[in-house]
Structures are given as structure tokens and as C-alpha cells.
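Below is one structure, written out as C-alpha cells; comments come after it.
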Amino acid sequence: MTESFAKAGISAPVLGVETSCDETGVAIFDPRCADPAQGLLAHTLYSQIRMHADYGGVVPELASRDHVRKLLPLVRETLARAGLQARDLGGVAYTAGPGLVGALLVGATAARALAWALELPAIGVHHMEGHLLAPLLEADPPQPPFVALLVSGGHSMLIEVAAIGRYRLLGDTLDDAAGEAFDKTAKLMDLPYPGGPALAKLAEQGRPGVFRFARPMTDRPGLDFSFSGLKTQVLLAWRASDQSEQTKADIARAFEEAIVETLAIKCRRALAATGARALVVAGGVGANRRLRAELAEAGTREGFRVHFPRLEFCTDNGAMIALAGALRLKAGQHETPAIAVRPRWDLQELAPVA
Ligand code: KG4
Ligand code: ZN
């Protein structure tokens, strides 16, 4: 990894743009740095959370329009923070999917237009590859082969990573993603949007053992997930309860424990099945403290390494897109100027980087 970074194929920093959902993220990554953890020159993020909170969830059309307003000012700010001019850039990367199609198109169009005007190569990045590679921005990064647990608002996947760009899906969700389960469960107990972090915060006040929910699909072999039944269990427990603040916290704690233990069981199974000795955990739910603690402890106990991105790079950000794009541009990959985004996109269709 480090060695291939030193043999840089592109000779200048890469601008990364993320607009797949409700965060506008921009970053500049310099692929010439020998150590990828040193390559991030600047990053900025604008979260639309306050705007969507009034509606209890992301309103796609509002998201697209807000990306239009925020993206170019953020590009200017990121360049300024890095002490660079647009002409100093060597390439442009943008999230091309999966995500909300209107939101994706804003980032893709702006990034493509910039690349065209500056005569730079540009590349569309898979959002989940961005998440998967985010731990490479930290010191002592993971080296493939490893297993990746990708847990976001839209996905819960276990991936075998043989090399950067060589991904095999080991397990997927049959219904709700882990983040979606957090968000929907939070909503049914009247917690404010975004539900995941609010529910996790409330769970800290919960008492252990007051409620207990199932660990779905852990009683049979396999690496797939199913979280929608858990949500129903919470709904029934909540309706039958006194609905006090303490009860809400107790339920939140039991729900979080059920999700975290289920994810941890499947991670251990995936490591055993592949023989990998390292686990990468990324995506918004990777910011969950109980999940981080539980997996770190399992790693110490059972002898595998666990790599997380820093908290701010678990949720959507431009840094992971700049990094993923820089790796591919450096390997000589880029695309024609056609603007194409993919609201649905199989991670296993990607080309290997090397
Ligand atoms: O990766 P991300 O920012 O966006 C997607 O690609 O979907 O993930 C957002 C998801 C949301 O469902 C949010 O509730 C969840 O991650 N999330 C959390 C926490 N922080 C964010 N879930 C549990 N605990 C957290 N601390
Ligand atoms: Zn994401």
C-alpha cells in the first residue's frame, strides 16, 4: 500500500466530492504522499440534517437543491484551506452511486464540469468503496486481505477484500440496513431525526437486562442480516410499557445491544470463514461506541486487528471519496466525460485497482 503510494502515477492532488445523500463533502487528497494517512490536505463538510429534521427524514429534492447551493462554496473553501488554486489539482473524484439520483447528479455534474474546464482526469467513485477505504486515512492502516463490515443508512454488508478493488460479498441485509433499523426504531419512540445517534445517546442512560431482544439470524449458519423484525419487537415492547423516559432508555439500550451483538457474531464468523486476521468497520453505524468497544474487545480476545475510521469519517464525507478516487486515478483509471450516476450499484462489479 505505502509503496504503491510512493510510485505516484498522477502528479498532483485530487479533489473529492461527495453528494450522495444529505451531506455535502469536499476534500483534497495528495496521492504523492508515501503514507496515505498524511495525504489528506483539507476537507470540509456541510450537513443538511437541520433542514431535513422538520420532515423526520431526508427529502430527496430538498437534498439536491441544497447540494447545488453548498457545493461550489465548499470547493473554494477546501482549496483555500489546502493553500491551493484550482490549477494545482491533478484529478477530480466524485461519488457516482449508490445514492439519491438527484443528489448524485449535482456532485457528478459539478465535478465533471470542473475536470473538463481544468482538463483533468475524473472518476466516479462507489460510495461504499469510499466507506471501505476510509480507515486508510488513519495511521497504521489495514493491509488486504481483510474483512470489511460496512454498516450505513442504506447498507449492511460483510465484504471479503482480497485487494483494493477486489471485493466479494459475504453477507448482506435481507431487509433493513443497520442504520435504517436504528433510524426507524428511534422514530417509533419519537426520537428526533437522525435517529441513530439520538438512540445511541439515549442507550447510555439505559439499564442493562431490563429488556432483551433477539439476535436475528444468529441461530443458523450464514452471514446475511435481517433487522426489520427487531424493529417490530421494539414497537411491541414500547406499546406495552409505561412509556417513561427511563423505559425509553432501557429499550434503546437493549436494541443497541441486540444490533451490536448480532453484527459482532457475524464479523467473527466472516473472519473464521475467510481466515482473515483483520477487520475493517466503516459507514455511519461504525461511529457507534458500543459497536466499536465490542469489536475492539473481541479482537483483543481472539487475536484479530480491528480498524475503524475516526468518528467523522464513519459518516459520509468527502475525504473517503478523494482517497478512493486518488487510488484509482493513480492506477491510471478514469472515465469519458459522460456524466453517469448509478442509484444502485453492485460493489463486486468494480475493477481491481492494481
Ligand atoms: O454512512 P452514512 O453517513 O450514510 C449512508 O451512507 O447511509 O450512515 C448514516 C447512518 C444513519 O442511519 C445513522 O442513523 C447511522 O448511520 N448512525 C449511527 C450512529 N451515527 C450514525 N447509528 C448508530 N449509532 C451511531 N452513533
Ligand atoms: Zn455513506
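The values are calculated or read from the model by the stated rules, or taken from the named source; none is laboratory data. On a predicted model such as this, the values are computed, not experimentally measured, just so you know. So basically every Cβ, Gly included, is an ideal-geometry build from the backbone, and we count neighbours across all protein chains shown. Surface areas here come from the heavy atoms of the whole protein model, side chains and all, with no ligands, DNA or RNA. Shrake-Rupley method; radii C 1.70, N 1.55, O 1.52, S 1.80 Å.
May I ask you to verify whether ALA42 is assigned to a helix (DSSP H, G or I) and under 21 Å from the mean Cα position of the chain (by Cα)? No; evaluated as a whole, the condition is false for this residue.
Looking across ALA240, ALA276, one residue alone is farther than 30 Å from VAL101 by Cα and in contact with a Pro (Cβ under 8 Å, 6 or more places away or on another chain). It is ALA276. Within this structure, THR24 fails the test of being within 15 Å of ligand 1 (Cβ to nearest atom) and either in the same structural domain as TYR193 (by TED's automatic domain parsing) or under 24 Å from THR336 (Cβ atoms) (or both).
Looking across the stretch 175-234, the residues that are within 16 Å of ligand 2 (Cβ to nearest atom), assigned to a helix (DSSP H, G or I) and either aliphatic (A, V, I, L, M) or open to solvent by less than 40 Å² (accessible area, probe 1.4 Å) (or both) come down to ALA178, GLY179, ALA181, PHE182, GLY195, GLY196. For the stretch 277-326, filtering for residues that are open to solvent by 10 Å² or more (accessible area, probe 1.4 Å) and either of a type in the set (A, V, I, L, M, F, W, C) or more than 10 Å from ligand 1 (Cβ to nearest atom) (or both) leaves 20. In the stretch 126-153, what residues are more than 13 Å from the chain's Cα centre (by Cα) and within 25 Å of GLY195 (Cα to Cα)? None - no residue of the stretch 126-153 is more than 13 Å from the chain's Cα centre (by Cα) and within 25 Å of GLY195 (Cα to Cα), so the list stays empty.
Within the stretch 49-69, the residues that satisfy the criterion of being touching a strand residue (DSSP E or B) at 6+ places or on another chain (Cβ under 9 Å) and crowded, with 20+ Cβ neighbours inside 10 Å are ASP66, HIS67. Counting residues in the stretch 77-92 that are among the β-branched types (Val, Ile, Thr), touching a strand residue (DSSP E or B) at 6+ places or on another chain (Cβ under 8 Å) and more than 16 Å from ligand 2 (Cβ to nearest atom) gives one or more. Scanning the stretch 150-172 for residues that are open to solvent by 10 Å² or more (accessible area, probe 1.4 Å) and part of a loop (DSSP other than H, G, I, E, B) turns up SER152, GLY153, GLY154, HIS155, ILE164, ASP172. Taking the listed residues ALA110, ALA37, the one that is under 21 Å from GLY165 (Cα atoms), in the same structural domain as PRO337 (by TED's automatic domain parsing), in contact with a Leu (Cβ under 8 Å, 6 or more places away or on another chain) and open to solvent by 10 Å² or more (accessible area, probe 1.4 Å) is ALA37, with no other qualifying.
Looking only at residues in the stretch 170-207 that are aliphatic (A, V, I, L, M) and touching a strand residue (DSSP E or B) at 6+ places or on another chain (Cβ under 6 Å), the one that is farthest from VAL58 (Cα to Cα) is LEU170. Taking the listed residues GLY83, GLY91, GLY99, the one that is within 16 Å of ligand 1 (Cβ to nearest atom) and assigned by TED's automatic domain parsing to the domain that holds GLY25 is GLY99, with no other qualifying. Taking the criterion of being loosely packed, with under 14 Cβ neighbours inside 10 Å and polar (S, T, N, Q), the only residue of the stretch 76-94 that qualifies is GLN85. For the stretch 133-149, the criterion of being touching a Ser or Thr at 6+ places or on another chain (Cβ under 7 Å) and open to solvent by less than 40 Å² (accessible area, probe 1.4 Å) is met by at least one residue.
Within the stretch 181-197, how many residues are in contact with a Gly (Cβ under 7 Å, 6 or more places away or on another chain) and near ligand 1 (Cβ under 6 Å from one of its atoms)? The number of residues fulfilling the criteria is 3.
Looking at GLY102, is it assigned to a loop (DSSP other than H, G, I, E, B) and small (Gly, Ala, Ser)? When the stated conditions are applied, GLY102 does not pass them. Pairs meeting the criteria (first residue in the stretch 300-323 and under 14 Å from PRO142 (Cα atoms), second residue assigned to a loop (DSSP other than H, G, I, E, B) and open to solvent by 10 Å² or more (accessible area, probe 1.4 Å), beta carbons under 6 Å, at least 6 apart or on different chains) are PHE304/ARG277.
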